[in-house]
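The values are calculated or read from the model by the stated rules, or taken from the named source; none is laboratory data. For clarity, every value in this text was computed on a predicted model and none was experimentally measured. No Cβ is skipped: glycine too gets one built from the backbone with ideal geometry, and neighbour counts run over all protein chains shown.
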Amino acid sequence: MNAYTVDARDQPRFKMETDIRIYSRSCGLLEGRTVDISESGIAAMLRLEAPVGVMVELEFTLPSGPVAIHAMVRQKNAFRYGFEFVDTDSAHEVIRRTCRDLAVDQSLSSNIQ
């Protein structure tokens, strides 16, 4: 699987802003705000630094409800971080469905404008 970077995106991204909590063994609890989501990862703005390459647990809320999923910190650009999902369980399926719904919603809203 490719790294979660600006230039090597495997999946389309969809704008989604919500609060996110990041649990890290090395940093404890970090809080931020998501920027976008894809089936393979999520980007978020954080006020505190998280080390690239560490495994974390993410908690955030999708339109269908709260999600907890493990991810790897793959990229950092100033305060923006890229996280690659590593779970392959039901949480990942919820994320896939949400991305499909966001694709339709954002496609419809761009056609209206």
Next item on the list: Could you tell me whether any residue of segment 65-81 is of a type in the set (A, V, I, L, M, F, W, C), touching a Gly at 6+ places or on another chain (Cβ under 9 Å) and over 16 Å from TYR23 (Cβ atoms)?
Entry: yes
Next item on the list: Quickly run through segment 75-91 and pick out the residues that are at pLDDT 80 or above and either in contact with a strand residue (DSSP E or B) (Cβ under 6 Å, 6 or more places away or on another chain) or among the polar types (S, T, N, Q) (or both).
Entry: GLN75, ASN77, PHE79, ARG80, TYR81, GLY82, PHE83, GLU84, PHE85, VAL86, ALA91
Notebook entry, point to check: Can you name the residue in segment 11-37 that is touching an Asp or Glu at 6+ places or on another chain (Cβ under 8 Å) and part of a loop (DSSP other than H, G, I, E, B) and, of all such residues, is farthest from ALA103 (Cα to Cα)?
Noted result: CYS27
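Taking only segment 80-94 into account, find how many residues are loosely packed, with under 14 Cβ neighbours inside 10 Å and not in a loop (DSSP other than H, G, I, E, B). Give the derivation first.
Pass one, segment 80-94, residues loosely packed, with under 14 Cβ neighbours inside 10 Å: 88-90, 93.
Next, only the ones that are not in a loop (DSSP other than H, G, I, E, B) stay: 90, 93.
The qualifying residues number 2.
Please tell me if VAL52 is part of a helix (DSSP H, G or I), among the β-branched types (Val, Ile, Thr) and surrounded by fewer than 16 Cβ atoms within 10 Å (Cβ to Cβ). Show your work before the answer.
On the way: part of a helix (DSSP H, G or I): no; among the β-branched types (Val, Ile, Thr): yes; surrounded by fewer than 16 Cβ atoms within 10 Å (Cβ to Cβ): yes.
Criteria not met by VAL52.
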Next item on the list: Could you figure out which of (1) over 20 Å from GLN11 (Cβ atoms); (2) surrounded by fewer than 18 Cβ atoms within 10 Å (Cβ to Cβ); (3) of a type outside the set (Phe, Trp, Tyr) isn't true of ASN77?
Entry: (1)
Check: If you take the residues of segment 95-113 that are over 13 Å from the mean Cα position of the chain (by Cα) and either hydrophobic (A, V, I, L, M, F, W, C) or part of a strand (DSSP E or B) (or both), which of them is farthest from THR34 (Cα to Cα)?
Finding: ILE112
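Inspect all residues belonging to segment 61-68 and state whether any of them is over 16 Å from ARG33 (Cα atoms), within 12 Å of the chain's Cα centre (by Cα) and surrounded by 12 or more Cβ atoms within 10 Å (Cβ to Cβ). Steps first, please.
Of the residues in segment 61-68, the ones over 16 Å from ARG33 (Cα atoms) are 64-65.
Now drop any that are not within 12 Å of the chain's Cα centre (by Cα), which leaves none.
Among the residues of segment 61-68, not one is over 16 Å from ARG33 (Cα atoms), within 12 Å of the chain's Cα centre (by Cα) and surrounded by 12 or more Cβ atoms within 10 Å (Cβ to Cβ), which makes the answer no.
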Item checked: Extreme residue, farthest from ARG96 (Cα to Cα), among residues of segment 38-49 that are more than 8 Å from the chain's Cα centre (by Cα) and assigned to a strand (DSSP E or B) -> LEU46
Check: Looking at ASP105, ASP101, ASP36, which one is modelled with pLDDT under 85 and acidic (Asp, Glu)?
Finding: ASP105
